[in-house]
Amino acid sequence: MADASESGGKTALEVEGLTAGYGDIEIVHGIDLSVSEGSLVSVVGPNGAGKSTLLKAILGLVKVFDGSIRLDGHDVTRFPLEQLVRRGIGYVPQVDDVFETLRVHENLEMGGYLLDKPTRARRIEEVLEFFPVLAEHMRRYVGTMSGGERKMVAVGRALMTSPRVVIFDEPTAGLAPTLVQSVLEDQARALADRGKAVLLVEQRAHAALQLSDWAYVLVQGRVARSARAADVLSDPEMGEVFLGGAVKS
Amino acid sequence: MGIFVQTLGFGIAAGAVISLGAVGFTVQFGISNVLNITYGAFMTLAAFLGYVLLNRGLDVWVVLVAVGVVIAIASAVFNRVFLSPLRGRGAGFVNLIIGTVAAAIILQGVIVIAAGPSAVTYGQQYGKTVSGAGLVFSLAQLIIISITVALMFGLHLLLTRTKVGRAMRATSTNRTVARACGIRTERIIDLTWLLTGFLCGAAGVALAVTTVTFDFSIGSTFLIYMIAASVLGGIGQPYGAMIGGLVVGITSQLGAAYWSPAYQDVVAFCILIAMLLIRPRGLFVAAGVNRRNLSAT
Ligand SMILES: Nc1ncnc2c1ncn2[C@@H]1O[C@H](COP(=O)(O)OP(=O)(O)OP(=O)(O)O)[C@@H](O)[C@H]1O
Ligand SMILES: [Mg+2]
């Protein structure tokens, strides 16, 4: 069977038969998913399909009823988020994604909380290389910055631990339409091109799929389709999934 | 002028106790996001425990530390077995407050059962006075003031200079992002409850020593001052609460001296309202910062 691993290097994140939800309500059922190094994998689907719940289950933020999650071959099922971060996952939450009341450099330093001082300084250099614009804003309070700049801080902060797997929850939510392309391209895609395994949950399916290697289409808590992103994009039936219309951008 | 200076002295002494309690209260709120009304009842408990131990002839420093530790553990347990589970089940901000009100009433009731409803008087072993620059302090007041200053300084160093302090600030600002930085926020929150519980306990003993006569309602009465001090300083700001405590202490003493002791609270709270109208977020909240959380600036 064709799977996401054909698109790149070795499998970094592997989810098998994952069933999860809130309280005793199951929201996602038996999800299989994998992300390999150097590839961008998108999870798309209509509102309420369970995309965020799936991410939260992987990240130890909601209850996992069944199934397993492996990181670089090691079982990390039900590990709390802080433990996953220590093992190489970087997480960029949906909207509340920065320390608003801290300055940019403080956000990055906090991102490097686990590191010793010299490593932290070196990583900040690397982040600034990836986001040169941030260099001019290091002393600004993040709360005063624009949506696009904030997202850079959020991603920069997540990159401080030099994660092998980067997980984005709807990075374009709440952003001006003109920024959508650049966030997806210059952040999610660019990180995959630098060898990271990138898992992206996105509402803007069309924009996300155009840049992705692999796509999982989630409908009512189940994987309705797992295929090369280009194939999903060109499949007329997929339009039906999204509110009965064309796959929207 | 003589009256003014002496009143200032009383105000500083009263303010020191308020500051001590308010800093604990505001840091607890800033980091755990729970407006913990039970804080007042824990303070009453500390005052009574302090009273009992002091009457056994124990040294005030020993009593302060011992009661501080007891209340620290009680607070952390209270959060673990009551507030955390409540929050985990989806209790919102207001429901949590109501939960702490209920717990405060129960704890106060337990104190009444154990210690009786009538007021107790702590015989002033620290009655000696020390004077300078026109100010006269009792030895007890001086001890309280120096303890407050020492604890504040320690807290400042903890929050600004240590890894744990940075983790506390991060946790207070955004818990999920803090976890995404690898911070074990559960531990940080336990630590916060221990630390602020200690301040609560120390403040309760300080209250017993300086108030002379008190009953089971002392903590809940005092809670109002501590909330006022916290709000004045900008909720979640330890230094704000410290200054806020002094402002509340001094204004209420000035009100008592120049107007009438019956109106001391009226004066203090008029000033609180005036300050709020001028600086709605508190005196020490930087522009552009609009969330309840712990800041070290
Ligand atoms: N905290 C919660 N408790 C109970 N049910 C929840 C909770 N959060 C979400 N749900 C339910 O889980 C289902 C999936 O929600 P989820 O947020 O995962 O969908 P989504 O695919 O991310 O949707 P969207 O595209 O709108 O973000 C929905 O039916 C939602 O009502
Ligand atoms: Mg979602």
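Some notes on this structure:
- Most positive-pole-ward Cα, B:VAL205, A:ILE69, A:VAL28, against dipole of the protein assembly as shown from beta carbon charges: B:VAL205
- Among B:269-281, B:97-109, the order from most to least packed when residues are scored by Cβ within 10 Å on average: B:97-109, B:269-281
- The mean number of partner chain beta-carbon atoms within 10 angstrom of a residue's beta-carbon across peptide A:103-111 is 3.
- Accessible area ranking (1.4 Å probe, heavy atoms, ligands and nucleic acids excluded), largest first, for A:PHE130, B:PHE82: B:PHE82, A:PHE130.
- Here B:ASP215 sits with roughly 40 square angstrom of accessible surface, probe radius 1.4 Å.
- Restricting the calculation to Cα atoms, every distinct pair contributes to the Kirkwood radius of region B:2-278, found to be 19.0 Å.
- Selected from A:ALA229, A:GLN210, B:TYR239, residue furthest toward positive end of dipole (the protein assembly as shown; charges at beta carbon): B:TYR239
- In a reduced charge model with +1 at each Lys and Arg Cβ and -1 at each Asp and Glu Cβ, the protein assembly as shown shows a dipole moment near 1380 debye about its Cα centre.
- Leading residue at positive end of dipole, region B:2-278 (Cβ point charges), from B:PHE48, B:VAL62, B:PHE82: B:PHE82
- Under the convention that each Lys and Arg Cβ holds +1 and each Asp and Glu Cβ holds -1, the size of the dipole of chain B around its Cα centre is about 1140 debye.
- Annotation: per residue accessible area for region B:2-278 equals 40 Å², rounded to a whole number [probe 1.4 Å, protein chains only].
- For region A:23-126, applying the loop criterion from DSSP together with a ceiling of 13 other beta carbons within 10 Å to the trypsin sites (Lys or Arg not before Pro) yields A:ARG78.
- Counting only protein heavy atoms and a 1.4 Å probe, chain A has 41 square angstrom of accessible area per residue.
- Ligands, DNA and RNA left out, the 1.4 Å accessible surface of the protein assembly as shown is 60% carbon and sulfur atoms.
- Normalised Debye scattering of chain A at q = 0.09, 0.11 Å⁻¹ gives log10 I(q)/I(0) of -0.36, -0.55, counting only Cα atoms as equal scatterers and leaving out solvent.
- Area accessible to solvent at B:ILE227, 1.4 Å probe radius, in Å²: 50
- Put a plus charge on the Cβ of each Lys and Arg, a minus charge on the Cβ of each Asp and Glu, and nothing anywhere else: the dipole of chain A about its Cα centre is then about 600 debye.
- For the residues of B:46-59, the average number of beta carbons from a partner chain within 10 Å of their own beta carbon is 0.
- For trypsin sites (Lys or Arg not before Pro), the sites in region B:128-221 that DSSP calls loop and that have at most 11 other Cβ atoms within 10 Å are B:LYS128.
- Across A:LYS51/A:LYS151; A:LYS51/B:LYS163; A:LYS10/A:LYS63; A:LYS51/A:LYS117; A:LYS51/A:LYS196; A:LYS56/A:LYS196, pairs whose alpha-carbon gap is larger than 25 Å: A:LYS51/B:LYS163; A:LYS10/A:LYS63; A:LYS51/A:LYS117
- Taking both sides together, the accessible area buried where A meets B is about 2200 Å² for a 1.4 Å probe.
The values are calculated or read from the model by the stated rules, or taken from the named source; none is laboratory data. Quantities reported herein were computed from a predicted structural model and do not represent experimental measurements. Reconstructed Cβ throughout: ideal geometry from the backbone, glycine too, with neighbour counts over all protein chains shown. Please note that ligands, DNA and RNA were not included when accessible areas were found on the heavy atoms of the full protein model with its side chains. Shrake-Rupley method; radii C 1.70, N 1.55, O 1.52, S 1.80 Å.
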